[in-house]
Every structure is written in structure tokens, then in C-alpha cells.
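Contents: one structure, followed by commentary.
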Amino acid sequence: MVWWACCPEVTTVTVEIMISSPWFIIAAMTVTTLATRWGGVFLMSVVPISNRVHRFIQAMSASVLVAILAPLALTGDWGARLALLATAIVVLIVKKPLPGIAAGIAVAALVRWF
Amino acid sequence: MTEPSQLSQLNGALIWQGFRHLAPISLFVIVFGAAFGLAAVQLGLTEANVLAMSGLVFAGASQFAALDLWGDRIPLFTVMITVFAINARHLLMGATLYPWLRETSIGKRYALMVLASDANWALAMQHFHQKKPGFGMLVGGGLALWTAWMIGTGLGIYFGNAISDPKAYGLDMAMGCFLLALVVGGEKNVRIVTIWGVAAVASILAYLYLPENSHVIVGALAGGLVGLLPGGDDRDR
């Protein structure tokens, strides 16, 4: 968890290099993003997978989407909140994703119309 | 029980299946690719810069964040830290896919992760939990999303925004609703719902009180800790 604890505000980074080449920045972004896509796989390949690690990873996989969506629902407008609610209700009833997504988009559009 | 080695298989048919599975939701990605392409050229990036960034980085939220920092002189470390924080969720994706990734060769397991993003990862996990091969969803779905992101970026560069106000039509909610549909459509029991609740509260608290872009990691790790509590079962991989 060091990566977020170390840098309370990105704007307060004191050691900084200013770059004028867009290509250099794009290359740095590419390497950084690839490191995130590969880093978790690499970490797991060096951590022995005990029962505890396995349970942690399994619960974490159930949590990722919720952690993405909860602040979206909290900070979104009523269009966003009711869209998510409509999707949840429709998916629970019809057990299919696409009608739920369609309902969510329709509700967001309707709420924002009025 | 199906062995992970069987679930880890990948072939053209499975990739095509994944591509078709995510093709509908990818149409919405085009809209946001267009918004990115337009915003980027308006900031003075060249067409080649914008296309290269979308093609190589392929992570929308972090690309928009980089535009916020863009200028004649760009702060390298700030860009890298911001991009890392927003994309740190990929670390969780790689880790959660590891039980199936480790059945493949080392080169292949890293190649499989190149196009990982929210929607195709979630779909791959759903397939694995249903004891179906998931890497077709990860790779084929990733190709569908990447293609849409590139088409959208190009449309934004050359034709401006495809739709002037996507929010008015609710289009900004497509991806959120898709991800929520995967959550709600999955397995539900007291243990899972407890994990969801803890993850939701932790991510909201992190969003409100912790450094920017930390909420996904904090929420997911908090949910993971709940998994260590006694109860629940260990049979499922």
C-alpha cells in the first residue's frame, strides 16, 4: 500500500522532471500502465499461494467492481444513481445483463431530460 | 470439477466468442474514445501522438488525467504517479486471474494481460467462476474494446465529438451499468454481500478522505480482508 501512502497529493511532488517531448511522456505512460497489467501477475508468481492468500484474492475479486461503482453512485447525479438502481432491479428480475444495461441507460436519459 | 488447465485454454473460436460478447458494450466505448480524441487534439497533441497514446496505453481514465497535466513542458513523475494510481486496479486483475494464468507458459501469461481492462477482466472472471474457459473473454473482449477505443479516438480527431452531449442520452452510464449487471448477476450469499458492503464503504471513505485515485485499491483490499474471516468455503478456485 506504499504507493498511495507515499504521495498524499500528486501536486506536491517535489522532485520533478519537466519533459517537452510528447513521445517521451506517451512512452512513460505505456511502460507505467504495462507495469500495472503485469505487476499483479508477477507478484503472485513469487508469493506462495496458501489457503489464506487464496481466500484473500477470491474476496478481492468480488470487491473490485463494487469499489469502482460505489463512489460513482455516491458522487453521481440522480440520473446516474437511478440508472444503477434500474440496472440492478432488472438484472435481479430477468437474470440477463443486456436488458438491465438498456434500462439503466434509458433511466439516466429520462431523469436528465426532466 | 473442471481442472484450471482446461479452463485456461485459448483458441481462435474462444477469442471470437469474447469479441462478440463485448462488441455491444464496445459501441459505447467509441463515444468516449471520440471525446478523448477531440479533447487531445484541442490541447495541441498531434494526430500521431493521440492515436499512439490510445493504442499503447489503452486506459481511458488515465489518458484523460494525463491531458489535465499536458502542456509545453509536462511533469514526468506526476504523470507517471497519476497514471499508476488510476491503473493500479490492473494489479488486482492480474492477481485475481493468477490461478488460471499460472497454468499457461510464462510468456503467454504476460501476453494475455496486455489488453486487460475492467469489462473484459470482469467477464473473464465470471466465466472462470462458472467453470467455463475465460481467457477468450479477456483477449477477444479486450480486442473489441481496443478496436472501439481506436475507432472512437480516430473519429474524435478527424470529425470532432461523435455525439455532442453523451451524458444527456445516458451513454456515460453504459459501462457502469454493464459492470453492475455482472456484480448483481453473480453468486450471492451472506458472505459475498458482506464483502460487497465492506468494499463499498471502504471505497467511499477512501474516495472522500484518502488521496485521489486510491478508492478502488482500498475498497478491493478491504473486501479481500473480509475473505480472511472464518466462514465461507474454500472449494471454489
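A few remarks follow.
- Exclusive hit being closer than 26 Å to A:Arg112 by Cβ and buried (at least 23 other Cβ atoms within 10 Å of the Cβ), set B:Phe135, B:Phe178, B:Phe159: B:Phe178
- All positions within the stretch B:175-230 that are hydroxyl-bearing (Ser, Thr, Tyr) and in contact (Cβ under 8 Å) with a residue 60 or more places away in the chain: B:Ser214
For (1) of a type in the set (D, E, K, R); (2) out of contact with any strand residue (DSSP E or B) (no Cβ under 8 Å at 6 or more places or on another chain); (3) within 19 Å of B:Ser8 (Cα to Cα), each residue gets a yes or a no:
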{"residue": "B:Leu56", "(1), (2), (3)": "no, yes, no"}
{"residue": "B:Thr82", "(1), (2), (3)": "no, yes, no"}
{"residue": "B:Arg89", "(1), (2), (3)": "yes, yes, no"}
{"residue": "B:Lys132", "(1), (2), (3)": "yes, yes, yes"}
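- Selection of helices (runs of 4 or more DSSP H) fully inside the stretch B:1-117 by the criterion of at least 3 residues being among the β-branched types (Val, Ile, Thr), crowded, with 18+ Cβ neighbours inside 10 Å and at the interface with chain A (Cβ under 10 Å from one of its Cβ atoms) returns B:76-87.
- Taken over the stretch A:28-44, the criterion of being small (Gly, Ala, Ser) and at the interface with another protein chain (Cβ under 7 Å from one of its Cβ atoms) is satisfied by A:Ala28, A:Gly39, A:Gly40.
Okay, residues lined up against (1) within 21 Å of the chain's Cα centre (by Cα); (2) within 8 Å of chain B (Cβ to nearest Cβ):
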| residue | (1), (2) |
| --- | --- |
| A:Ile19 | no, yes |
| A:Ile26 | no, yes |
| A:His54 | no, yes |
| A:Ser61 | yes, yes |
| A:Asp77 | yes, no |
| A:Lys95 | no, yes |
| A:Ala102 | no, no |
| A:Ala108 | yes, yes |
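- Residues in the stretch B:200-226 that are outside any helix (DSSP H, G or I), within 19 Å of B:Gly176 (Cα to Cα) and within 7 Å of another protein chain (Cβ to nearest Cβ): B:Ser214 alone.
- Boolean, B:Gly197 is of a type in the set (Gly, Ala, Ser) and part of a helix (DSSP H, G or I): yes
None of the figures in this text is laboratory data; all of them are computed from the coordinates on show. Keep in mind the model is a prediction, meaning the values are calculated, not measured. Note that each Cβ is placed from the backbone with ideal geometry, even for glycine, and that neighbours are counted across all protein chains shown.
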